[in-house]
1. 7 Å from Cα along Cα→Cβ at both residue 291 and residue 379: what's the point-to-point distance in nm?
2. On average, how much accessible surface per residue is there in the stretch 47-116, in Å², for a 1.4 Å probe, leaving out ligands, DNA and RNA?
3. For the residue pair residue 311 and residue 232, what label-to-label distance in nm results when each label sits 7 Å from Cα along the Cα-to-beta-carbon direction?
4. Roughly how many Å is it from the Cα centre of the stretch 56-76 to that of the stretch 282-296, as a whole number?
5. Where only protein heavy atoms count, and the probe is 1.4 Å, what is the accessible area per residue for the stretch 293-383 in Å²?
6. Take peptides 35-41, 281-287 and line them up by average Cβ neighbours within 10 Å, highest first, as a rough protection proxy.
7. Run the numbers for residue 323 and residue 150: contour at 0.36 nm per residue of separation, minus the present Cα-Cα distance, in nm.
8. Among 342-350, 87-95, what's the highest-first ranking by average C-beta atoms within 10 angstrom per residue?
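The values are calculated or read from the model by the stated rules, or taken from the named source; none is laboratory data. Everything numeric in this text was worked out from a predicted model, so none of it was measured. Here the Cβ positions follow ideal geometry from the backbone for every residue, glycine too, while neighbour counts run over all protein chains shown. Only protein heavy atoms, including side chains, enter the accessible area calculation; ligands, DNA and RNA are left aside. Shrake-Rupley method; radii C 1.70, N 1.55, O 1.52, S 1.80 Å.
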Amino acid sequence: AASMIRHALITCSPDGHYIAFAHAKQIRLFNTRNSQFVHLARDGKDEPMHTGNVRVLKFDGQSLHLLSSGDDKNVFVWNCGSGKCIGRKAMNKKISAGQFGPNGKVIVADKTGDVYCLSFQSYSTKETKSNGSTGSDIAEMQSDFLLGHCATVTDVEIVKQGEKMLLATSDVEKKIRISQFPSCYEIVSFCFGHKAFISVLNRAAFKTEDGSSIPLILSGGGDGTVRIWEPKTGNLLDTYRGLIEMPASIDSKSVGGKRPRVDDESKEFQSSSDSGSAESQIVGGLTVSRWQNLTAVWTQGDKKIQFLKVNLGTLKPHCSIELEDMPVCMAFDPQARLWVVVLRSNKDIGVEVYGISEDQLTMKKLEVHESLRSKLFTTIDLDAQPLTFEFSEMTRPRKKPRVNDMLPNNQKV
């Protein structure tokens, strides 16, 4: 399975009009209204969009702009309607995570642990989606330092807490930091509990009877668990361990039944960095839909996607699906359809879409446009790997040298 895992990204715009895909250095933007790809170009030229693997691919809240960045240290903002690059910034380090913030601000984090806020001198949310007329010049974005981790930042997420905005940042040292945004020197809380690096963050919100919203943070990690947190306090509300391969005496495949649990929280689960299968327990995908906070979870190297219901403070199994081909990444659109990028058996990359069944108890496969079924990218880079492989190497325990190995040859016993 390890030889089949390849790097790819997918993201859906909040209005569902665009789906963006990335593999290695390539980005493709698909318009779901006319079923055509939007041609992305810098300065009106067909230059390569990136010269290194793309690690960040996100839409803004108005579905007007697409953010991309990665190993080439360049940050680009694209207009979805025209495909033109409207903003850029060359950073000093490789980018490992990113997200759009409020008012068109861009948040990026690098592999050294530093997090920055990029902004335009002027930003408008009233651009025309159809023609995206913004002029031909590419604006150079300004950067401001926000905060720093002592390790590589793995993901970032913006959460609204009442009238305040919170910034959640995770790292390879198993922690999530919750900070005020944009005054990130004010730390709200820390979330501790994962037994290995955190690979992905997402958010969920619940409407109360008085109309207010309660925000929650979801996280997946290299320990094969999904955890739900209260960002204001950093409290761990629940942990789902059904992704971890359990002993034969425990039925971990049953859907809707009791999920495997370990009562002793002090018991360490064997992380992916300790095990012989480097990908078998890493949560590679975690996406939340608007329909009852249905959450899809996928571990790298597994053809099965599990679905959880995220209730207030709890994670409950809902159903699961087994794919014929290997999933590489996935994302929900606003209609609760799950878009999955898969690696075909012939080393081709395509897209599959799944929707909620009529009885709402499982997911069914839907038709997808023929241009997405196969040959999504012109070339396949077999050497491109997800960042989680690097995270595993960063956290892999090193063997302590034996005293005998440290002696000169003439003194060895």
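1. About 4.0 nm, to one decimal.
2. 29 Å²
3. The two pseudo-label positions are separated by 2.2 nm.
4. 21 Å
5. Values: 3940 Å² over 91 residues.
That works out to 43 Å² for each residue.
6. Working: 35-41: 15.3, 281-287: 24.9.
By packing density, highest mean first, the sequence is 281-287, 35-41.
7. Values: separation 173, 0.36 × 173 = 62.28 nm, distance 3.84 nm.
Taking 0.36 nm per residue and subtracting the Cα distance, the gain is 58.4 nm.
8. Order by mean packing, descending: 87-95, 342-350.
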